[in-house]
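Let me begin by presenting the structure, written as structure tokens, before commenting on it.
The values are calculated or read from the model by the stated rules, or taken from the named source; none is laboratory data. Keep in mind it's a predicted model, so treat the numbers as computed, not measured. Heads up, the Cβs are rebuilt from the backbone with ideal geometry, glycines too, and the neighbour counts pull from every protein chain shown. Remember, those area values only see protein heavy atoms, side chains included, never the ligands or the DNA or RNA. Shrake-Rupley method; radii C 1.70, N 1.55, O 1.52, S 1.80 Å.
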Amino acid sequence: MPLYEFELCEGECAICGGKFALRRPLSAAALTQCPLCKKPVRRVFSSFNTPQLTKPVSISDAKKAGFTILKRVGKGEYERQ
């Protein structure tokens, strides 16, 4: 089910805060009133979430961030780099 964001057409509300999000099926009728305060609402176009493409963390970057880097030297044996 998609998540839709709505806001009040006019004014503010202490109950709903003026903005809210609802999961609604595609087959549901358009929402015209806030389910809590019954004031008129309109649907807001919201942004979508996309994965961020980041570069892999290098050993030097990890050390600068304060991580301890270990190298495997044998079965169950590690040493600091």
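Observations on the structure shown:
- Packing around the peptides 61-73, 4-16, taken as the average count of other Cβ atoms within 10 Å per residue, puts them in this order, highest first: 4-16, 61-73.
- Averaged over its residues, segment 1-51 has an accessible area of 80 Å² per residue, based on protein heavy atoms and a 1.4 Å probe.
- Summed side-chain charge close to ALA62 - residues other than ALA62 whose Cβ falls under 14 Å, Lys, Arg +1, Asp, Glu -1: +4
- Cβ-based net charge around PHE20, under 14 Å, with every Lys or Arg adding one and every Asp or Glu removing one: +4
- Taken over the chain, the percentage of Cα pairs per 5 Å bin, counting from 0 up to the bin with the maximum distance, is 3, 11, 15, 11, 9, 5, 4, 5, 7, 9, 9, 6, 4, 1.
- In order through segment 31-40: 3J(HN,Hα) via Karplus (6.51 cos²θ - 1.76 cosθ + 1.60), integer Hz, x for Gly, Pro: 7, 10, 10, 5, x, 9, 9, 6, 7, x
- Cα→Cβ-extended label distance, 7 Å offset, between GLU7 and CYS37, nm: 1.4 nm
- Segment ILE59-VAL73, length gained on full extension (0.36 nm per residue, minus Cα span): 3.3 nm
- Remark on ARG24: its backbone amide H falls under 5 Å from those of TYR4, a criterion applied only to residues 5 or more positions apart or on other chains, H modelled at 1.01 Å from N.
- Calculated from backbone phi, Karplus (6.51, -1.76, 1.60) coupling profile of segment 60-71 in Hz, x at Gly/Pro: 5, 5, 5, 5, 4, 7, x, 7, 8, 9, 10, 10
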